[in-house]
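Working notes, beginning with the structure itself.
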Amino acid sequence: MAIGDIGLTSSMRSNLMGLQNTSRLLASTEERLSTGKRVGTAVDNPANFFAAQGHNVRANLLTGLKDNISEAIQTVKAADSGIKGVLSTIEALRGIVTQARSAINDTVNSGTILAGSNAVDASGGFTGTAGLTGQYNRLVEQLNNLVTDSSYKGTSFLTSGSVTLTVNLNENATTKIVMSGFNSGASGLAISGCGTSLTVAATTGNITAKDLDSAAELNAIEATLNTAIATLQTKASELAANLSTLTTRQTFITDMVNTLAVGATKLTEADTNEEGANLLSLQTKQQLGTTALSISSQAEQGILRLF
């Protein structure tokens, strides 16, 4: 039906349009109250909508980075635990050297203590692989095993200097930290009896009883152990610095994600107090409009009574 087919008075048409506009505003207010947002689509406010969307996208990217940083932190912690274990093992090796110092002064039992046997070879050195010699070699084996087991998700900073881990610290990968590993096995630390690789010959250390039967030889072994401890302390300090950087970044990213989320919310959220007041005002306005339309209709009906 065309608009002109039914004649409405000017006051009735004005009241009707007012009611339609009030109904539209009521629907909008009710939607804001139900969703908690004053900007739900780009139509509501393009600038605020896309700005909030940009904040949310960046927050999601940073959240992904935080997960990677968490994994890197665990990898560093695994390496740190490994270093502590290696240091404890080296202290045990130092204990064996101390026992050997006492043994070489025991003219009766030194061979048994050092080699498990008092037998000597042609050069006069003790033969045998038991006693303190066997303990030393087995500790070297356990040291190497500990190093190979100090990995997290297949990555270990203690097995080789070629191991690297790159961690991006922002969503554009323009800031990052690159961490490198090192060989903290007996061979990497150049401990006496270490062999030439992380897994030494026969999987154990390779010193012989002849390497423990003089003060000079024991001094040389202890020197390698002291150097190994100093090296581990330096590497542990590097790991601690990396861990501090990663932890600081993790906290920073958490704060930044919260900042972005709050910023996005402030751009789009509705003021429920204001919208509640608007709802009451619009409901009152709707009631008044309905009353006005009724009055206009009654006025038109009064004209009919003249006929």
>> Please count how many residues of segment 78-137 are exposed (fewer than 14 other Cβ atoms within 10 Å of the Cβ) and of a type in the set (Phe, Trp, Tyr).
In response: 0
> Of the residues that make up segment 161-180, is at least one part of a strand (DSSP E or B) and of a type in the set (Gly, Ala, Ser)?
Replying inline: yes
> In segment 147-186, what residues are buried (at least 18 other Cβ atoms within 10 Å of the Cβ) and more than 21 Å from Leu243 (Cα to Cα)?
Replying inline: Gly185, Ala186
>> Within segment 254-267, does at least one residue satisfy the condition of being outside the structural domain of Met179 (by TED's automatic domain parsing), at pLDDT below 70 and under 30 Å from Asn45 (Cβ atoms)?
In response: no
> Taking the condition assigned to a loop (DSSP other than H, G, I, E, B), surrounded by 14 or more Cβ atoms within 10 Å (Cβ to Cβ) and not hydroxyl-bearing (Ser, Thr, Tyr), does Asn242 pass?
Replying inline: no
> Would a scan of segment 42-64 turn up a residue that is outside any loop (DSSP other than H, G, I, E, B), under 30 Å from Thr231 (Cα atoms), modelled with pLDDT of 80 or more and hydroxyl-bearing (Ser, Thr, Tyr)?
Replying inline: no
>> Please pick out the residue among Thr175, Thr204, Thr199 that is within 35 Å of the chain's Cα centre (by Cα), at pLDDT below 90 and either closer than 20 Å to Gly131 by Cα or not hydrophobic (A, V, I, L, M, F, W, C) (or both).
In response: Thr199
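The values are calculated or read from the model by the stated rules, or taken from the named source; none is laboratory data. Being a predicted model, the structure only gives us computed values, none of them experimental. We place every Cβ from the backbone using ideal geometry, glycine too, and count neighbours over all the protein chains shown.
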